[in-house]
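The next block holds one structure in the form of structure tokens; read it before the comments.
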Amino acid sequence: MSRIALLQATFADAAEAERIGRAVVQERLAACANLLAPCTSIYRWQGAVETASEVPALFKTRPELVERLAARIAALHGYDLPAIEWWSAEASAAVVDWIARETAELGPPVS
């Protein structure tokens, strides 16, 4: 087993999640973006408790790219304060190799 980085972010809708997921995969910052089922988020924002339907996404990348990936997602994101979290995880050698191959040559940013 070896280490990979998993990054989770929530988006206002599926279209935004797909647009950003496709961009970071095309740019090779992530090997994969899994768009998950919509969820209900309850959070405190600017002094009030809010409820919203959001789309979470899970991104797979190399540990050394996770902060760059987070910054890129934040730059493309529509929220003032995007919720972006990451952690390291164990994965099989085959998955680690695949992520390394798919993120090896970073491409130019996608608008």
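Odds and ends about this structure:
- Taking the Cα atoms of the range 3-103, the ratio Rg/Rh between the radius of gyration and the Kirkwood radius comes to 1.00.
- Simple spin-label estimate for Leu81 and Ala14 in nanometres, 7 Å along Cα-Cβ: 2.9 nm
- Within the listed set Ile20, Ile42, Ile99, the residue fluctuating most in the Gaussian network model of the chain (springs between alpha-carbon atoms under 10 angstrom) is Ile42.
- The dipole here belongs to the range 44-97: it is taken about the Cα centre, uses +1 on the Cβ of Lys and Arg and -1 on the Cβ of Asp and Glu, and is about 100 debye.
- Angle between the chain longest axis and helix 66-76 axis [Cα atoms, degrees, rounded to 10]: 40 degrees
- Between Trp98 and Thr40, the simple spin-label model (points 7 angstrom out along Cα→Cβ) gives 3.5 nm.
- For the chain, built as a Gaussian network whose Cα springs stay under 10 Å, the top-fluctuating residue of Arg101, Arg44, Arg68: Arg44
- Within the full protein context, the accessible area of Ser2 is estimated at about 50 Å² for a probe radius of 1.4 Å.
- Put the Cα centre of the range 77-111 next to the Cα centre of the range 5-41 and the gap is 10 Å.
- The portion of the accessible surface of the chain made up by carbon and sulfur, rounded to a whole percent, is 54 (1.4 Å probe; DNA, RNA and ligands excluded).
- Of the residues Ala91, Asn34, Ala57, the one whose Cα sits farthest toward the positive end of the charge dipole of the range 3-103, with +1 on the Cβ of Lys and Arg and -1 on the Cβ of Asp and Glu, is Ala91.
- Taking the longest Cα principal axis of the chain as reference, the axis of helix 14-26 is set at about 20 degrees.
- Zone of Glu90's modelled label, taken as backbone nitrogen in the range 1-36 under 14 Å from a point 7 Å along Cα→Cβ: 1-4
- Solvent exposure of the chain, expressed per residue, is 57 Å² of accessible area, with all protein chains present and a 1.4 angstrom probe.
- Compared with the dominant principal axis of the Cα atoms in the chain, helix 93-102 is inclined by about 80°.
The values are calculated or read from the model by the stated rules, or taken from the named source; none is laboratory data. Every value quoted in this text rests on a predicted model; they were computed, and no experiment measured them. Cβ coordinates were reconstructed from backbone atoms using ideal geometry, including for glycine residues, and neighbour counts include every protein chain displayed. Ligands, DNA and RNA are stripped out before the accessible areas are found, and what is left, the full protein with its side chains, is counted by its heavy atoms. Shrake-Rupley method; radii C 1.70, N 1.55, O 1.52, S 1.80 Å.
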